[in-house]
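In what follows, a single structure is set out as structure tokens and then discussed.
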Amino acid sequence: MDYFLYKENELMAESLKVTDLVAQYGTPLYIYSKATLVRHMQAFETAMQSRRHLICFAVKSCSNIAILHLLAKCGAGFDIVSMGELKRVLAAKADPKKVVYSGVGKTAEEIAFALKTGINCLNVESREELQQVKEIATELKIKAPVAIRVNPGVDAKTHPYISTGLKNNKFGICEEEAYDLYLQMAEEKSLNVCGIDAHIGSQMTSVEPIIEASEKLLILYKKLADKGIKVDHIDIGGGLGVIYDNETPPSPDEYLTPILKRLEGLDVALYMEPGRAMVANAGILAARVLYQKDNGDKHFVITDGGMNDLIRPALYGAKMNIVNATLHGNTKRLCDVVGPVCESDDFLGKERLLDVQNGDILVVRGAGAYGASMSSTYNSRKLPAEVLVDGGTSHLIRKRQDYEDLYKDEIIIE
Ligand code: LLP
């Protein structure tokens, strides 16, 4: 449930008209709803309340520091995958003790910075990375908090680009090798073995894959406990899907209940790393219709928002719902909604039934996750502005770039 609803044929962001927001801030514009974000965070908190837990919001899904600050105030921790993301979390005034750090390619600089910052846990993804962590921790005289990201060989049944839990994906360490490494890690003075971690994929719309993965983590947990190695937390990663079109994903409660049931009787905390489920439907992208034209059988609606602002349709063929911010009540026609970028895969949506007039504001729903955070300046287009709506008030949380920003770091050689 989100707070982008129609009132008298005008799409509202909480109590504000989307058309008024774009009049004030311009297009393309990302608009987030605070009430939706808070509601989603509460849904996760409620679902996990029966157990010691940590909700680590996946920063990559929406990395604006205003959003991170809001979620931190609601009690969230963070899942990061780079030093840049850790810097963002710190800039958002969040607690580094609630940060878990995943990723297959952490550099020595990144590991050292994370250890010095005092994060909650490093999710180690290879034997060689573990060696690196040991050496850095010894040098810094810090006991490094570590978990192994296990690759459980479970099919998340999602788009191949966002499936991460199969043996032929680059992520994590298989269970057998992980078990051996845990036995070695437990002997290491420079390490504090604190968890077991997995993240098998994104936009999962059924509970079976995550149950299968959790059961594998639990087996490993018990095998380690039998050897006297007791980890403090099990981290099941992110991956809960959302409704973009006609999907029927489980609610946070439906997703977590079977996992919590399996943990009954065990003194272990449950961590998770939701990104999309927290923020996708808390954000929209608004773009203005510039022109319309017919080429062959196609009717094209050309907007000022393109693949540089929102790459999911071009990159994954993602179908995201597109609506008009003002409903005219005229006959709808089939159209491709495209952007201004010089690529044929620059589209926001194909074959959509819309009633559009030039100057209208089209809105891509579900754009809060992997929208602004994946935007680029391709074709030398400015990064879009971002706005957070709170009831009847709007706050600019990222100003639109200036043209000079596009080349300010470049150097002419005379
Ligand atoms: N934890 C780790 C280690 C991850 O790699 C990810 C996402 C998450 C948590 C959060 O997953 P979520 O709850 O958002 O599904 N750009 C793609 C999604 C890439 C996901 C990458 N990893 C898209 O737009 O669909």
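Largest mean-square fluctuation among ILE284, ILE229, ILE243, in a Gaussian network model of the chain whose springs join Cα atoms under 10 Å apart, belongs to ILE229. In terms of the Cα gyration tensor, with a ≥ b ≥ c the square roots of its eigenvalues, is the range 1-105 rounded because a/c is under 1.5, prolate because a/b exceeds b/c, or oblate? Cα axes put the range 1-105 in the oblate bin. Shape analysis of the range 34-276 based on the Cα gyration tensor places the equivalent ellipsoid semi-axes at 26, 22, 17 Å, largest first. Largest GNM mean-square fluctuation among HIS40, HIS233, HIS328, using the chain with Cα springs under 10 Å: HIS328.
Computed as a quarter of the hull surface, the mean projected area of the alpha carbon convex hull for the chain stands at 22.6 nm². Surface composition of the range 303-409: carbon plus sulfur atoms contribute 47% of the solvent-accessible area (1.4 Å probe, protein chains only, all chains present).
Sequence-ordered 3J(HN,Hα) estimates for the range 389-402 from the Karplus curve with 6.51, -1.76 and 1.60 and θ = phi - 60° stand at 9, 10, x, x, 10, 10, 10, 6, 10, 8, 7, 4, 5, 8 Hz, glycine and proline given as x.
Across all directions, the average projected area of the convex hull around the alpha carbons of the range 137-270 is 9.0 nm². Here the Karplus curve 6.51 cos²θ - 1.76 cosθ + 1.60, taken at θ = phi - 60°, turns the phi angles of the range 258-265 into couplings of x, 6, 4, 4, 5, 8, 3, x Hz, with x standing for Gly and Pro.
Put the Cα centre of the range 112-185 next to the Cα centre of the range 3-51 and the gap is 35 Å. Between ASP253 and LEU290, the contour length at 0.36 nm per residue exceeds the alpha carbon distance by 9.0 nm.
For GLY349, the residues 5 or more places off, or on other chains, whose built amide H falls under 5 Å of its own are VAL337. Bridges between two residues of the range 34-276, per DSSP, are antiparallel at a rate of about 5%. Remark on VAL387: its backbone amide H falls under 5 Å from those of TYR30, ILE31, TYR32, ILE397, a criterion applied only to residues 5 or more positions apart or on other chains, H modelled at 1.01 Å from N. Give the calculated FRET efficiency between GLN49 and LYS73 to the nearest 0.05, with a Förster radius of 22 Å applied to their Cβ-Cβ distance. Efficiency, rounded to the nearest 0.05: 0.75.
Once all protein chains are placed together, SER373 keeps about 40 Å² accessible to a 1.4 angstrom probe. Cross-link check: pairs LYS34/LYS170; LYS60/LYS222; LYS98/LYS189; LYS93/LYS143 evaluated at a Cα-Cα cut-off of 27 Å; pairs beyond the cut-off: LYS34/LYS170; LYS60/LYS222.
Under a 5 Å amide H cut-off, with hydrogens placed 1.01 Å from N, ARG333 pairs with LEU354, ASP355, VAL356 among residues at least 5 apart or on other chains. Taking the DSSP bridge list for the chain and keeping only pairs wholly inside it, about 45 percent are antiparallel.
Of all accessible surface on the range 34-276 at a 1.4 Å probe, what whole percent is carbon and sulfur? That share works out to 51 percent.
Here the 3J(HN,Hα) profile of the range 172-181, calculated from phi with Karplus coefficients 6.51, -1.76 and 1.60 at θ = phi - 60°, is x, 10, 5, 4, 5, 5, 4, 4, 4, 5 Hz, Gly and Pro shown as x. Take the chain with all the other protein chains still there, run a 1.4 Å probe, and you get 44 Å² of accessible area per residue. Here is the list for the range 314-388: trypsin sites (Lys or Arg not before Pro) lying in DSSP coil, each with at most 13 other C-beta atoms within 10 angstrom of its C-beta, are LYS332.
The values are calculated or read from the model by the stated rules, or taken from the named source; none is laboratory data. Quantities reported herein were computed from a predicted structural model and do not represent experimental measurements. Positions of Cβ are generated from backbone atoms using ideal geometry, with glycine treated the same way; all protein chains shown enter the neighbour counts. For accessibility, only protein heavy atoms count, side chains too; no ligands or nucleic acids. Shrake-Rupley method; radii C 1.70, N 1.55, O 1.52, S 1.80 Å.
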